[in-house]
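Chemist: Take this structure first; my questions come after.
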């Protein structure tokens, strides 16, 4: 019985967060806590920002034309995957809310919906990490240090807001 109560409480919390986010007319990623660097889902889309920032500051980082040409397709692909992920996640969250609208909702269906949401997040995070690894493989040690410094400065700026 305690397990069922805990599951219902968890489901209620999970659906309340997206609903609260919508009520506040803010994207859900603005509500993140910001634990370890780059590991929260909210930080996953910042990988694309990081890559864009590297390309923007290519001269300062000392990136060659060849490195930029290798980064561009990876960056575009990351942007596409990010957009697809956001759409898929939003749909999955709406489906979960639909399941839970009724008083006596089907716990098995809700559980499946939550697993789908988590599966989407995990798959997306792995894709972003693979893309990041591709990009980092093309950087020299010095360029990597510069990139980390820029990322740290950007994260510091974001936390001040």
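The values are calculated or read from the model by the stated rules, or taken from the named source; none is laboratory data. Note that this is a predicted model, so its numbers are computed, not measured. We place every Cβ from the backbone using ideal geometry, glycine too, and count neighbours over all the protein chains shown.
Chemist: Mind telling me which of the residues 122, 117 ends up being surrounded by 15 or more Cβ atoms within 10 Å (Cβ to Cβ) and more than 20 Å from residue 74 (Cβ to Cβ)?
Modeler: 117
Chemist: Quick check on the range 82-98. Is at least one of its residues at pLDDT below 95 and in contact with a helix residue (DSSP H, G or I) (Cβ under 8 Å, 6 or more places away or on another chain)?
Modeler: yes
Chemist: Could you list, ordered by first residue, the pairs with Cβ atoms under 9 Å in which the first is in the range 95-115 and touching a residue at least 60 places away in the same chain (Cβ under 8 Å) and the second is surrounded by 12 or more Cβ atoms within 10 Å (Cβ to Cβ) and in a loop (DSSP other than H, G, I, E, B), at least 6 apart or interchain?
Modeler: Pairs found: 110/100.
Chemist: Conditions first: (1) exposed (fewer than 14 other Cβ atoms within 10 Å of the Cβ); (2) farther than 23 Å from residue 76 by Cβ. Residue 107 passes all but one, so which condition is the exception?
Modeler: Condition (1) is where residue 107 drops out.
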